[in-house]
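Asks: Take a look at this one; I'll ask things after.
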Amino acid sequence: MEALLRELREALGPDRVRAGHVELGLYGRDASNIAGRAGAVCLPTCTEEVQACVRAARRHGVPFVARGSGTGLAGGAVPLDGALVIATTKMDRLLSVDVDDRVAWVQPGMLNLDLSRQVAHLGLHFAPDPSSQQSCSIGGNVANNSGGPHCLAYGVTSAHVLAVEVVLPDGEVTVLGGIDPEPDGLDLRGAFVGSEGMLGIATKVAVRLTPNPPAVQTVLLDFADVDAGAATVSAIIAAGMVPAAIEMMDALITRAVEEFVHAGFPIDAAAVLIVEVDGLPDGVAAQTERVRQIGLAHGARSVRIATDPAERAAIWKGRKSAFGAIARIKPNYYLHDTVVPRSALVAVLREVYEIARRHDLIVMNVFHAGDGNLHPLLVFDAREPGVLERVHAAGEEIVRVSVAAGGVLSGEHGIGLEKRDYMPLVFSPDDLDHQRRLRDAFDPDHLANPHKVLPEGSRCGDLQHVPAGAWI
Amino acid sequence: MDLTAFAEAVRGDDAVTVTGLGTRGGPVPGARDVVAPAAIEEVAPAEMTVRCGAGTPVDELQAALADVGQMVALPSGGTVGGALAVGRSGVGRLGHGPVRDTLLQLRYVATDGAVVTAGGPTVKNVTGFDLCRLFVGSLGTLGFAGEVILRTRPLPACTRWVAGPADPFALVRRLHRPTAVLWDGVTTWVCLEGHPADVEAEAAVTGLSEVDGPPPLPTGGRASRPPSSLRSLPWTPGTFVAQVGVGVVHTHEPVEPEAPSAEVVELHRRLKASFDPAGRLNPGISPLRSALSSR
């Protein structure tokens, strides 16, 4: 490690290579409940420096892990085996914008919301909008193929990334994809997006910019029971509409959020739906009315249509601060992420509440209902003896009922370390073998973010769960 | 034929090629032909998905979906598997998105006859590597598509084509998500879809006259260019049709694709070696068309 550090300091300068105890601890984890061990941390500022880091790591046989803002929830950026962490936080610039192509080239460390803010004057935005958009990076969005509420109509990150300049695991630099619509050859760009840092490191990203819609209406529906809210979601989709977003919050989270942001959420509701419709004015008006009728037919107690941008903004602030609000209830939480068929929402939600009840845990649900993407949030106090075992057992049951209902392991957080060993629940050995073939073609030596995503039998690095009380 | 029988048919040591309706070049000469399953297995309008055999004709699938007020964003003609293997979008790409974004789950037959599942049945999914994206446009060189689950979209309440002299680049900026803006260097065609009142208002904005549909597209060549570069094309006006806002240009003469980087060529070599080491599947074909002379 000393020889590697010397080489890195020579390439990047001593101030951007860190190996102090505190920094290694900080970079040893992301926003998940999993901690690893970083061997060193480097902070490159350009493609050539990332390339120098990768080449140095290769020469010394040290694995490397790309890291954006560290907001990942599945342990994808957690370094194992003393890996070199290559953090892109100092590569945070908007490089160029072309309004005819509706494309921006950005560095991977640029924050998601900063991008939308910087192109707002052009009437454009970056459509993927994870709840962490104030702090998550575009590079992290690429690695995890991130989603967000508005991905219901606009699609997840993969649909908004046209090209990626990458440092491949062998240290070579190339561009995958292109600004043109049908670059020749295999869709290597598509394979790279969502590969959780295991096929190389993105150093520049060409993202599609989406025009802001001319008309938007945000509808808040209030239900006396969760089933009625979930059934409304299925009915809206079955009616042939694809709203910009359909979000659901249950009673506990709605109350917590209202106390936190005062957006006028009904605190006695069993569930609220936030439905946003956008597009041209007549279509928006017709769809808003249809949503209202479907809601009332399913027993909505009230349907509130936000009348101005400030009211809309308050509703979305409430939705996106949900995870801040829960700190008022219990100090710790474990956020899950599974997807189920939309028609199974009612049944799976019932099972999720039942699982939490059986394990004597509080569960809150705030999620992307329109695409069936559940986010059960188990809240607890980690100082309570034995609670962690119950949280993990409940979490595993939630994953299993989602898969049994015809769902998948993750809708937007990724697999990382958290769900790696659940992969055989949805994929056969042949399926997993073919995912390995893709990885091996890019990284035959398994130096890029090893031990993630693909189960590998008994070997699992020096992964450890954080001691009780240390969870975020 | 079901998926198991298809896998059985692919299995062997010989060169093998998959054929559909022959719309996109047909089977590779000198290799044994196999035909993928062709049944529509499940139309799920409430999920906005459909599951079908890769051999299903696209037009037959669209007809079945139209019965429930939905469609898939695949170009018409040929089979579903062919459309995915080639990966080229139709004229509605500006509004409907690329072919690659329609594929949710793919069950394909590997070179050793194994049936492999990529992706998943739900509309949102980041479970594992995205092999579906790798397969769209792979020309059947990594595995043969057997059964797919596709994302559907609602059929628009109203569709209208208008055409005439207009600046297509200004229209792409001015209109909200038009389905298509085509241009031959002289005339502009616009496809508008949505609520009838919105379509009427947008049509009025264009100032163009109503027509039956798009112009015939030249079939000799197909160029892929950054959308902004379409302002200055090397072809004579009237001899091409460009998809403005997208970057696809249909030409009479064949178009030579740009040479890929050495790293991209090497990744293609390694992927082929990894998925089909014996080179059984569609032998002689490469997704890097520039690396080939005849196809």
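The values are calculated or read from the model by the stated rules, or taken from the named source; none is laboratory data. Small disclaimer: the values here were computed from a predicted structure and weren't measured. Positions of Cβ are generated from backbone atoms using ideal geometry, with glycine treated the same way; all protein chains shown enter the neighbour counts. To get the accessible areas, we keep the full protein, side chains included, count just its heavy atoms, and leave off ligands, DNA and RNA. Shrake-Rupley method; radii C 1.70, N 1.55, O 1.52, S 1.80 Å.
Asks: Sort out for me the strands (runs of 3 or more DSSP E) sitting completely within the range B:122-229 that have 1 or more residues that are at positive phi and open to solvent by 40 Å² or more (accessible area, probe 1.4 Å). Steps first, please.
Replies: Details: elements: B:144-151, B:158-164, B:180-183, B:188-194, B:209-211, B:221-224.
It comes to none.
Asks: Continuing with the same structure: Of all residues being part of a helix (DSSP H, G or I), charged (D, E, K, R) and buried (at least 19 other Cβ atoms within 10 Å of the Cβ) in the range A:391-436, which is farthest from the other protein chains (Cβ to nearest Cβ)? Just the residue, please. Steps first, answer last, please.
Replies: Pass one, the range A:391-436, residues part of a helix (DSSP H, G or I): A:391-404, A:420-425, A:429-436.
Narrowing further to those that are charged (D, E, K, R): A:396-397, A:400, A:420-421, A:430-431, A:433, A:436.
Those left that are additionally buried (at least 19 other Cβ atoms within 10 Å of the Cβ): A:420, A:431.
Numbers: A:420: 10, A:431: 5 Å.
Per the stated criteria, the residue is A:420.
Asks: Further, regarding this structure: Show the residue pairs that are 6+ apart or on different chains and have beta-carbon atoms under 7 Å apart, the first residue being within the range A:281-298 and more than 8 Å from chain B (Cβ to nearest Cβ), the second being in a helix (DSSP H, G or I) and among the small types (Gly, Ala, Ser).
Replies: Within 7 Å, the pairs are A:294/A:235; A:298/A:228; A:298/A:231; A:298/A:235.
Asks: Does residue A:367 fit the bill of being outside any helix (DSSP H, G or I) and in contact with a His (Cβ under 7 Å, 6 or more places away or on another chain)?
Replies: Numbers: outside any helix (DSSP H, G or I): yes; in contact with a His (Cβ under 7 Å, 6 or more places away or on another chain): yes.
Considered against the rule, which asks whether it is outside any helix (DSSP H, G or I) and in contact with a His (Cβ under 7 Å, 6 or more places away or on another chain), residue A:367 comes out as yes.
Asks: Here's another thing I want to ask about it. Does residue B:174 satisfy being without any contact (Cβ under 8 Å) to a residue 60 or more places away in the chain and farther than 23 Å from residue A:412 by Cβ?
Replies: Numbers: without any contact (Cβ under 8 Å) to a residue 60 or more places away in the chain: yes; farther than 23 Å from residue A:412 by Cβ: yes.
So residue B:174 fits the description; yes.
Asks: Which number in (1) over 24 Å from the mean Cα position of the chain (by Cα); (2) closer than 19 Å to residue A:447 by Cα marks the one condition that residue A:23 misses?
Replies: (2)
Asks: Here are some conditions: (1) at negative phi; (2) crowded, with 21+ Cβ neighbours inside 10 Å; (3) in contact (Cβ under 8 Å) with a residue 40 or more places away in the chain. Residue A:211 meets all but one. Which one does it not meet?
Replies: Looking at each condition in turn, residue A:211 falls short on (2).
Asks: Something else: All but one of (1) more than 14 Å from chain B (Cβ to nearest Cβ); (2) touching a Phe, Trp or Tyr at 6+ places or on another chain (Cβ under 8 Å); (3) under 30 Å from residue B:152 (Cβ atoms) hold for residue A:319; which doesn't?
Replies: Among (1) more than 14 Å from chain B (Cβ to nearest Cβ); (2) touching a Phe, Trp or Tyr at 6+ places or on another chain (Cβ under 8 Å); (3) under 30 Å from residue B:152 (Cβ atoms), residue A:319 violates only (2).
Asks: Here is a further query. Give the residues of the range B:172-191 that are out of contact with any Phe, Trp or Tyr (no Cβ under 9 Å at 6 or more places or on another chain), more than 21 Å from residue B:74 (Cβ to Cβ) and not basic (Lys, Arg), sorted by residue number. Spell out how you get there, then give the answer.
Replies: So in the range B:172-191, the residues out of contact with any Phe, Trp or Tyr (no Cβ under 9 Å at 6 or more places or on another chain) come out as B:172-179, B:186-188.
From what's left, more than 21 Å from residue B:74 (Cβ to Cβ): B:172-176, B:186-188.
B:172, B:175, B:176, B:186, B:187, B:188 - these are the residues of the range B:172-191 that are out of contact with any Phe, Trp or Tyr (no Cβ under 9 Å at 6 or more places or on another chain), more than 21 Å from residue B:74 (Cβ to Cβ) and not basic (Lys, Arg).
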